[in-house]
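Readers should treat all values here as calculations from the given coordinates under stated rules, not as data from a laboratory. Remember, it's a predicted structure, so these values are computed and weren't measured experimentally. Reconstructed Cβ throughout: ideal geometry from the backbone, glycine too, with neighbour counts over all protein chains shown.
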Amino acid sequence: MSAQVIDGKAVAAAVRSEVADGVTQFRAKYGRAPGLVGIQVGDDPASELYQAGKARAADEVGMVSRRITLPDTTSQADLDALIDELNADTSVDGMLVQLPVPAQLSEPLIANRIHPDKDVDGFSPVNLGRLMRGEPGNIPCTPQGVMRLLRDGGVPLEGAHAVVIGRSLIVGKPQSMLLLQTNCTVTVAHSRTRNLAELCRQADILVAAVGQAEMVRADWVRPGAAVIDVGINRTPDGLRGDVAYDEVAEIAGWITPVPGGVGPTTIAYLLSNTLAAAYRRSEIHA
Ligand code: NAD
């Protein structure tokens with residue numbers, strides 16, 4: 001058996017095109033384009049690349065993007081002052097601070113400082129709380145991308161046993177909540193989980209979000225299961241996911257590649273969140 005490959009680039013292109021249409025309608029209604037600001041502290045090359053990619057993607061769908069790069073010695077007080085300024089700026093619908101940040105800065109303080117309505121990463125306590133409650137809000141982008149890949153791939157969700165490996169705030173925890181909302185039975189596995197391979201073999205849907213190259217092997221996967229690979233690992237052999245793609249593709253029912261799977265959908269949902277945030281803010285202030 002050979003798995004159906006779910007093409008993340010195609011899915012992301014569909015989401016971006018939906019957002020671009022939404023931006024056109026938003027402009028017609030409110031006479032301005034949604035605005036997204038990316039803040040980067042320091043000059044880490046990977047962060048630089050991510051920030052540039054997000055800004056370009058925002059411009060391509062007709063949004064107004066702005067990048068702010070601060071020195072890596074920036075204090076929490078100075079970053080707070082910038083966030084406050086952007087919170088008050090009516091042309092800004094979404095903002096994000098590229099993670100990780102230098103050690104003198106606190107990620108929780110940042111997540112608490114950004115106004116929840118402008119927190120398009122969805123990492124703030126308010127947005128994570130809304131997700132838990134099933135209320136509208138900004139939902140973290142990567143888990144949203146995973147749900148769309150499952151949906152567009154035609155993977156049955158209702159009653160399926162989903163195993164999520166990883167319990168981060170960015171991926172694992174919100175992912176498990178979204179799967180639960182679609183009536184999956186969810187198991188969250190992590191670094192202290194016992195008998196991980198055996199547990200994974202029980203999954204109808206397996207989402208790997210660990211950060212260990214090719215950890216999920218063929219004998220961890222039930223034949224016919226959907227395997228979604230969130231991992232991004234730079235190895236001497238190039239970019240690898242958390243899943244041993246070639247061998248798992250032989251037995252899975254569906255699989256996402258790395259690159260070209262989850263990655264492209266993450267940025268697409270950042271744009272989608274920004275458009276939704278722009279609508280929510282504009283409707284409140286109309
Ligand atoms: P993280 O380091 O915050 O969390 C990793 C999780 O994996 C932890 O919860 C930990 O308990 C679990 N874990 C670690 N070792 C394990 C083991 N041996 N067995 C089982 N579980 C184990 O990472 P994160 O931010 O959630 O990201 C996970 C991966 O996804 C990384 O490779 C990251 O680069 C990638 N990622 C990709 C995207 C994307 O857009 N494609 C977005 C975010 C993260």
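Tabulated results
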item	result
Size of charge dipole - the range 141-263 - debye, nearest 20, with Cβ of Lys, Arg +1 and Asp, Glu -1, no other charges	480
Full-stretch length increase - residue 73, residue 190 - with 0.36 nm per residue and alpha-carbon distance subtracted	38.8 nm
Given charges at Cβ of Lys, Arg, Asp, Glu: the chain dipole, positive-most of 58, 190, 282	282
Sorted peptide list for 196-204, 136-144, criterion being average Cβ within 10 angstrom, highest first	136-144, 196-204
Point-to-point label distance, residue 14-residue 91, nm (Cα→Cβ direction, 7 Å offset)	3.6
Residues whose placed amide H lies under 5 Å from that of residue 207, excluding near-sequence neighbours	163, 164, 165, 228
Mean residue ellipticity (222 nm) of the chain, computed from DSSP H runs ≥ 4 via -39,500 (n - 2.57), nearest 500	-13500 deg cm²/dmol
Distance from the range 1-76 to the range 116-193 (C-alpha centre basis), Å	20
Environment charge of residue 14, counting only residues whose C-beta is closer than 15 Å and scoring Lys/Arg +1, Asp/Glu -1	-1
Histogram of C-alpha separations across the range 141-263, 5 Å bin width, %	2, 13, 25, 28, 21, 9, 2, 0
Volume per residue of the C-alpha convex hull in the chain, rounded to whole Å³	127
